[in-house]
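Asker: After the structure tokens below, expect a handful of questions from me.
The values are calculated or read from the model by the stated rules, or taken from the named source; none is laboratory data. These numbers were taken from a predicted model, which means no experiment stands behind them. Virtual Cβ from ideal backbone geometry, glycine too; neighbours counted across all protein chains shown.
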């Protein structure tokens, strides 16, 4: 009989620990269009918890210990949004919606330069690249005519 009581006590303790966390949910939309934003990352900064929004802009973060937290929403092409002092209670759902504003991504100018060698050592046959101007001046009427002029 005492083993049954101990087992019940352990099971109730485990269920209490599992159910003791809160939940944070919300929806993230664009300020300019009002459309939901899929793939936005939401982080609870004080703990290593987070989520990403679904195709409807909805997110859910489960098992958040009771307390006051800072939420950070980040998305490429939009300004990062912080919500501070978000209170989470035991066995309660805290809703926090975000409206993100578009932001221009600033970066440095990148110039790519490439050189093509005159002789390619790994080719086993001759190769000629025909441009539109080359083909336009040929006395042919179809693609097969262009192929027939190749050696």
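Asker: Looking only at the range 89-124, how many residues end up being in contact (Cβ under 8 Å) with a residue 40 or more places away in the chain, out of contact with any helix residue (DSSP H, G or I) (no Cβ under 7 Å at 6 or more places or on another chain) and in a loop (DSSP other than H, G, I, E, B)?
Answerer: Qualifying residue count, the range 89-124: 6.
Asker: Report yes if residue 77 is within 21 Å of residue 105 (Cβ to Cβ) and at pLDDT 95 or above, otherwise no.
Answerer: Criteria not met by residue 77.
Asker: State yes or no: is residue 70 over 16 Å from residue 39 (Cβ atoms) and either in contact (Cβ under 8 Å) with a residue 12 or more places away in the chain or part of a loop (DSSP other than H, G, I, E, B) (or both)?
Answerer: Yes, satisfied.
Asker: Take the range 55-65 and flag every residue that is in a loop (DSSP other than H, G, I, E, B) and either touching a helix residue (DSSP H, G or I) at 6+ places or on another chain (Cβ under 6 Å) or loosely packed, with under 14 Cβ neighbours inside 10 Å (or both).
Answerer: Answer for the range 55-65, where residues must be in a loop (DSSP other than H, G, I, E, B) and either touching a helix residue (DSSP H, G or I) at 6+ places or on another chain (Cβ under 6 Å) or loosely packed, with under 14 Cβ neighbours inside 10 Å (or both): 55, 56.
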